[in-house]
1. Of 130, 49, 199, whose Cα points farthest to the positive end of the dipole of the chain (charges on the beta-carbon: +1 Lys, Arg; -1 Asp, Glu; origin at the Cα centre)?
2. Averaging sequence separations of C-alpha pairs under 8 Å and six or more residues apart, then dividing by the length of the chain, give the relative contact order as a whole percent.
3. Can you give the charge dipole size of the chain about its Cα centre, rounded to the nearest 20 debye, using +1 on the beta carbon of Lys and Arg and -1 on the beta carbon of Asp and Glu?
4. Below 16 Å Cα-Cα, how many Lys pairs turn up in the range 131-271? Only count pairs eight or more apart in sequence, or on different chains, if you could.
5. Using a 10 Å cut-off around each Cβ, can you sort 176, 167 from fewest to most neighbouring Cβ atoms?
6. Out of every Cα-Cα pair in the chain, what percent are more than 39 Å apart?
7. Using the beta-carbon distance between residue 106 and residue 160 and R0 = 30 Å, what value does 1/(1 + (r/R0)^6) give for FRET efficiency, to the nearest 0.05?
8. As a check on your grasp of the helix formula, calculate [θ] at 222 nm for the chain: sum -39500 (n - 2.57) over DSSP H runs of n ≥ 4, divide by the residue count, round to the nearest 500.
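What follows is calculated from the coordinates using simple rules that are stated; it is not laboratory data. If you're wondering where the values come from, they're calculated on a predicted model, not measured in any experiment. Cβ: placed from backbone, ideal geometry, glycine included. Neighbour counts: every protein chain shown.
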Amino acid sequence: MQKRLWSLMVGAGFAASLLVPQQTSAQDAVTIDPAIPAYKAVSGISGNLNSIGSDTLNNLMTLWAEGFKKMYPNINIQIEGKGSSTAPPALIEGTAQLGPMSRPMRGSEIDSFEAKYGYKPTALRTSLDSLAVFVHKDNPVKGLTLAQVDGMFSKTFRCKGGEVKTWGQVGLDGSWSGSPLSLYGRNSASGTYGFFKEHALCNGDYKDTVKEQPGSASVVQGVSEDRNGAGYSGIGYSTSGVRAVPLAPKQGDAFAPATYENAIAGKYPLSRALLLYINRAPGSALDPLVKEFVKFILSKEGQETVVKDGYYPLTATIVREELAKLE
């Protein structure tokens, strides 16, 4: 499962791009691959763009749209972020040209698209993310295994986790020992809900006690206000009121913090690519407005926006692979 996930994230030729320095040791700050070119505006771009899909990508899509509009003042971009599951129907029905998703399309979603158009949708990697398990900032838990995460959030324990009801069961003592878990998560329309279900719960069922929230920001806010809280969200929604817990694939493995270096090295077990789906007929020219917007996302300016929003930028290798899909 982890191997398949990592293949989707990095694609071919990623190992070479690891040679590019990505972080400064002083501040542990993420920097952009210097080989990613700056965006160059072209003439004749106008019209309307509609984006429907992921809540996780909602802020990023808004920031990209604002930056793109500075280049092209006459365009109009509408963004709706109610969950990744809303993207495929919007693309199929033609109510959106852009379908941001925090998980890959399911086979049934791809089949429905192909049944209408005769070809598959095009998936583009826009940025990288570590799906974090957040706890309250005062929670001292040093790390969790995926089996423990399964025991916390699942009622079926398909990842071989035993049921976890208190913080003492994951190693905390003192006043924390008997404190019951208070769980926060997303609703079933969310790609983050689906990704966490697949990769952290081995497609098991969530506990009925998980408090479903309408967005990632609500998950993080809930945990920040609840001393016993734990919830999952993209790393870009981190605040000073919560802490991302280091994770390990199994007992005995080193706990890996949710950092850019661990994401690109495949050490953090819940890393993922954040995707943008478009409708591109093979052999046909892509709508210039859609093409230029994607090129902006994959530019130096677009990837600087990724860092600004708390997510992780692509490498130049991945950028070249994604740009090739537009030609």
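1. Of the options given, the answer is 199.
2. Relative contact order here is 27 percent.
3. 360
4. Summing the qualifying lysine pairs gives 13.
5. Fewest to most other Cβ atoms nearby, the residues stand as 176, 167.
6. I get 13 percent for the Cα pairs in the chain exceeding 39 Å.
7. Efficiency, rounded to the nearest 0.05: 0.75.
8. Per the formula, -9000 deg cm²/dmol.
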